[in-house]
Amino acid sequence: MKFPGSISILVLAVFLAPGCSSNEPAGPATYPLGDTAYTTLQALWEPLVPPEATLKMIDDGSLEVTEHYRFEELGLGVRRAEGNDWIEHLELAPGYPASPPGERRSLLYIWQAADPQVIDEESPIRLEGFDLLYRSHGHLSTQVFEAHVRTAQRISNLSGRPFDFAVLAGDLSDGGQLNELRWVLTIINGGIVDPDSGYDDDPVPGAGNDYNDPFLSDGLDVPWYAALGNHDALYNGGFAAVDEDLRAASQGSSIYDFPVFVNGFRDGSTPGAVVVTEGRAQPDPARTPLYLDEAAAELFNAGGLPPGHGMSAGKTYYSVKPLEGKPVRLVVLCTVNTGSAGLGTGSLGYLDWEQFAWLQQELDAADAARELVIVLSHHRTGDFLNDSPVSGAELAAVLEASSGVALHITGHGHRNLNFIHPQPQGGADEFGYWELMLASTLDYPMQSRIIEIVDDDNGYLSIYCTNIGHNSTEDSLAHKSRRLSAARRSFPGITDAYGDVEALWAEDLPAQNLLLRIPIPPELRTELAKHDWPTQIESEETLKNLD
């Protein structure tokens, strides 16, 4: 086709603009969900049990973790199965009455996600050449997180009321890079996400059909708050502290020479994002790893609701009253250990005395005001560094001592687990709280969670914890990632969270859907009764009746 004079120059400029190519139609793709909404009450994506012949191939090395194009034909992946009901826990409420509760009121209805760990797989500071760290599905991380957000928004829309707010339990980015964090924030707030870096790649010609294509995220239409995690401010989550040498290497083209592991990145021009351990990447200044205060500033300036998302200048931890005029307090801790460059130990939780003193003041104020308290942090108390100034046990003790603390919700472990604090002795005055770890939205089982706290008007709270797998269609990029991530669990990894997919699934299931009963201190019960609350219990009336 020929165009006269200046028109041809204009047309050429449009076709060669960043993010555009002659084989893609204008505009980003919008990924669909399946026809019906569901949580894990309705349906589960359980792992396929690998055939013995496939396990033998993994053991003898004839099937490598990088050969993800072979996984499906060799019996690795997922299948849809029937969902599971909530598992009731009365350990903290041995006196919970068998008779019907009184006039029930829904105090909180929130969405939680943990460890999206969005990945720029083309970055020259990646460790893609080391098999034990390699994620077969890592190149699809943006599409997966967007699918979780879209699923959560759909369920919020189908409910009798929207979620009160959402919380993210840290490790928003995987490499701590500026572009990774901004992709996450665009997905949450809504906008066009271009998950490509360096060269403008289109490994599968056309729009919306490969991991490097731009796409539109509708975002999450509720206020959100986030804790920071070790991957947000440390090299690959804790192998070294971020420094200027690492930042310079991230913006260059040479593979970063990290002496412990084989480094490498993935070639964004290939359909399967093949690993490159020798060669050069296209430079990109947006790949800069962030210091902790810079990551906090990105959250503060992210846009969306509420303004600043609880962050303030010079602080990486905060406390907010998320429901205006209601006795509810959200306390968000920063447990990132930026002072450690030790291999592995840098990933563990850390709390200094300054933040601990602040926390005690916040809890004292909440107790005086008779408030219900939810604590959010990236690390659980059992995942703290041995030489943290404040130990995980000391943190748990101060939370136990607060009459208003009902939940401590965390991430980091990439699995679902629950813990009781304190261990009950059978006394009627032991209120205690639950600590809940949530699986990663990136790694299998790829779940987020809806939490609803209900006042049963009988002296007890009921806490419904309902897990969700993203509702993507089986031909989607996000579902492809789900298949690959389940298959990856059958290979050895740097943590014990890999190697036996059947055993790991059996361990995870009992912590996926929970119904936790806990007593309410009398003063808190009196304060809660002074306020108006929704009377529709969304877990029973909406979530249980989806699909």
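What the table below lists for this structure:
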item: 5 angstrom amide H check on residue 226, placed H, neighbours 5+ away; result: 168
item: Neighbour-count ranking [beta-carbon atoms within 10 angstrom, fewest first] of 441, 542; result: 542, 441
item: Ranked by how many other beta carbons lie within 10 Å on average, peptides 523-536, 443-456 from highest; result: 443-456, 523-536
item: Using θ = phi - 60° and Karplus 6.51 cos²θ - 1.76 cosθ + 1.60, couplings along region 298-310 (whole Hz; Gly, Pro as x); result: 4, 5, 4, 9, 6, x, x, 10, x, x, x, 6, x
item: Residues whose placed amide H lies under 5 Å from that of residue 439, excluding near-sequence neighbours; result: 415, 416
item: Positive-end extreme of charge dipole, the chain - chosen from 183, 227, 403 (charges on Cβ); result: 183
item: Degrees separating the helix 353-368 axis from the principal Cα axis of the chain, which is the longest one; result: 50
item: Mean ellipticity per residue at 222 nm, deg cm²/dmol - from DSSP H runs of n ≥ 4 across the chain, formula -39500 (n - 2.57); result: -6500 deg cm²/dmol
item: Whole-angstrom gap from region 253-281 to region 145-173, using each part's C-alpha centre; result: 34
item: Base-10 log of normalised Debye intensity for region 5-545 (one unit scatterer per alpha-carbon) at q = 0.05, 0.06 Å⁻¹; result: -0.20, -0.28
item: Filtered GluC sites (Glu not before Pro), region 120-206: DSSP coil and at most 12 other beta carbons within 10 Å; result: none
item: Global form of region 375-464, assessed from the alpha-carbon gyration tensor, a/c cut-off 1.5; result: oblate
item: The chain - charge dipole about Cα centre, Lys and Arg +1 at Cβ, Asp and Glu -1, debye rounded to 20; result: 820
item: Of 117, 63, 76, farthest towards positive along the dipole that unit charges on Lys, Arg, Asp, Glu beta carbons give region 51-130; result: 117
item: Among 240, 285, 432 - extreme Cα towards positive end, dipole of region 5-545, charges at beta-carbon; result: 432
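Read-outs: derived from the displayed coordinates by stated rules, not from any lab. Just so it is clear, the structure is predicted and the values come from calculations on it, not from any experiment. Note that we place each Cβ from the backbone using ideal geometry, even for glycine, and neighbour counts take in every protein chain shown.
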